[in-house]
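Remarks on the structure that follows.
The values are calculated or read from the model by the stated rules, or taken from the named source; none is laboratory data. No experiment lies behind these values; they were computed from the predicted model shown. All Cβ positions, even for glycine, are placed from backbone atoms using ideal geometry, and neighbour counts span all protein chains on display. To get the accessible areas, we keep the full protein, side chains included, count just its heavy atoms, and leave off ligands, DNA and RNA. Shrake-Rupley method; radii C 1.70, N 1.55, O 1.52, S 1.80 Å.
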Amino acid sequence: FTFEMHHGFSEPVKKWWPVKGTIDYYSALADRDRLLRGRRRITFSDGNSTLLISSLGFLHYAAVSLGTPSKKFLVALDTGSDLFWVPCDCSSCAPDYELSIYDPKESLTSKKITCDNTLCRNRCLGTSNCPYAVSYISTDTSTSGVLVEDVLHLITEDEVVDAWITFGCGQVQTGAFLKHAAPNGLFGLGREKISVPSLLSQIGLAADSFSMCFGRDGFGRISFGDKGSSDQDETPFSISPTYNITITQIRVGSNIDTQFSALFDSGTSFTYMVDPVYTQLSESFNLHTQDIRDARLPFEYCYRMSSDANSSLIPSVSLSMNGGGQFLVYDPIIIISSRDELYYCLAILKSTDLNIIGQNFMTGYKIVFDREKLVLGWKKFDCYNIEESDSMPVNLGNSPPGIAAGPGS
C-alpha cells in the first residue's frame, strides 16, 4: 500500500482549509502543534500558537474563545496595554473582515459589569453598565464601549478551564483599528488589575507571570504561569505600571554608552527611539553598512541590496540591560521589495517622547514577563522545542501602546 504525503501548507492540503481571511484560516495556519509542552502552564483552549500577520499590522495574533456557546476571536497580543476587548454591538468596527462579533445577548454566561464594580474606573451611576474608553499612541486610535464579564475558555495540559474574566464590549473603534491593526480585538497583557494575566493570578489559575515566544518564522507561543528557566537573562522592571526596563549601552559595530528607559511592547510592530539615542544608533549602523543608502523608503535608513548581498555584512545590534544582561537583536532590519529591487531597512523609527522595544526586536526569543519577581527574562528559543520550566508555578489606566507601526502607516 502506498500513501501520498503532503506538507501542511501544500496546495493539495490547503484546498481543505477554511476560507482565507477567516479566524479558522488563521488558526489553522498557526496551529502546528497544540501541545503545551510544560508543567502547570495555562493557555487558550485553541492552543498556545501565535502567528505574525503582516497584512494585519505586523503583530502577533492568537485565537481565543469566549462565551457560551463559545465564539472564536483572532486577537492581537499587546503587552503595552491592559484591557482585553473585542468588537461587540458595533456602531463603528473594522469593515471588510470575515471575523466574529461578540453579542452579550447570544452568550448564556454573559454578565454586565456595573458602576459599583471595583474594575469600573469611569464615572457612572448605580447599576448601569460600566463604560470604558481607551486611547492609544497611534494617531486617533481608540476603542470605547462597556465592560462585560464572560468565560474565557482555557486549557492546562489536557484539562479544560473556564475562567470568568472582565473585558471590553468594543462598540466604537477608531484609527488603526478600522484599517489594519487588531480588527477582531486586542488582548491587553499589561500590569493593571483588569488585564487577563492579573485576573488569572487573582483567581488562582496561574502564577503571576507569562511568556511569549517570537519565532523567526513568524510563528510563536504564549503561556500563562510560565516563569521561564534558571538560565535565562533577566533585567528588573523600572518603577512603572508598564513593562519598562533600563538600557545602559547599545552596540552597533562599536559601543554607545547611554542610559534610558524603554517599554517592552508586543503591541508595537517596530522599535521606536527618541533622540539622541535614535540618531546615535542609526548613524552608527549607517557607518558600518557597506551597501548604498536609499532614503526614499518609509524608514529613514534603508539600503539597496547588492547582487552579492551577504547578511553577515549587515551590522549587528545588541543592547546591554540594567543588571548586565546582553540582548542581541536578531532582526534589526526589515526586507522591502520595490519593483525588481530589494532593500533592507533599519526597522527603527524616531519617536518624540517614548522609547519602545517593538516586537521586531523580540524575534528569536522567548520573553518572560515575571510580574511576581518584577523582572523581564529572555532566552534564545525555538518556539516549537520541548522545554520544562524549572520554576514550577505554585497555583494552577491604561498606559497606551503604539499600535501596528508599519511602513507608511
Selection count where residues are crowded, with 18+ Cβ neighbours inside 10 Å and modelled with pLDDT of 90 or more, scope region 155-183: 8
When you look at Lys350, is it over 20 Å from Ser284 (Cα atoms), touching a strand residue (DSSP E or B) at 6+ places or on another chain (Cβ under 9 Å) and either of a type in the set (A, V, I, L, M) or assigned by the TED database to the domain that holds Pro241 (or both), yes or no? no
Is there any pair with a first residue in region 263-280 that is within 13 Å of Pro332 (Cα to Cα) and outside the structural domain of Phe187 (by the TED database) and a second that is assigned to a helix (DSSP H, G or I) and open to solvent by 10 Å² or more (accessible area, probe 1.4 Å) whose Cβ atoms are under 7 Å apart and which are 6 or more apart or on different chains, and what are they? Ser269/Asn360; Phe270/Asn360; Thr271/Asn360
If you check Asp140 against the conditions, is it of a type in the set (Asp, Glu), within 20 Å of Pro87 (Cα to Cα), out of contact with any Cys (no Cβ under 6 Å at 6 or more places or on another chain) and surrounded by fewer than 20 Cβ atoms within 10 Å (Cβ to Cβ)? yes
If Cys213 passes every condition in (1) assigned to a loop (DSSP other than H, G, I, E, B); (2) under 25 Å from Met273 (Cβ atoms); (3) among the hydrophobic types (A, V, I, L, M, F, W, C) but one, which one does it miss? (1)
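Is there a residue being open to solvent by 70 Å² or more (accessible area, probe 1.4 Å) and closer than 24 Å to Arg221 by Cα anywhere in region 145-154?
We begin by selecting, within region 145-154, every residue open to solvent by 70 Å² or more (accessible area, probe 1.4 Å); these are none.
Within region 145-154, not a single residue is open to solvent by 70 Å² or more (accessible area, probe 1.4 Å) and closer than 24 Å to Arg221 by Cα.
For every residue, the table says whether it meets (1) open to solvent by less than 50 Å² (accessible area, probe 1.4 Å); (2) in the same structural domain as Trp85 (by the TED database); (3) modelled with pLDDT under 90.
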position	(1), (2), (3)
Gly185	yes, yes, no
Ser201	yes, yes, no
Met212	yes, no, no
Arg221	yes, no, no
Pro241	no, no, yes
Ile250	yes, no, no
Among the residues listed as Gln232, Gln249, the single one being of a type outside the set (Phe, Trp, Tyr) and more than 24 Å from the chain's Cα centre (by Cα): Gln249
Filter pass, Ser195 being in the same structural domain as Ser142 (by the TED database) and open to solvent by 20 Å² or more (accessible area, probe 1.4 Å): no
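Take the conditions under 22 Å from Glu106 (Cβ atoms), under 21 Å from the mean Cα position of the chain (by Cα) and of a type in the set (A, V, I, L, M) and apply them to Leu199. Does it pass?
Working: under 22 Å from Glu106 (Cβ atoms): no; under 21 Å from the mean Cα position of the chain (by Cα): yes; of a type in the set (A, V, I, L, M): yes.
Taking the combined requirement at face value, the residue does not satisfy it.
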The conditions are (1) touching a Ser or Thr at 6+ places or on another chain (Cβ under 6 Å); (2) open to solvent by less than 10 Å² (accessible area, probe 1.4 Å), and Asp208 fails exactly one of them. Which is it? (2)
Within region 367-397, tally of residues that are open to solvent by less than 10 Å² (accessible area, probe 1.4 Å) and modelled with pLDDT of 95 or more: 7
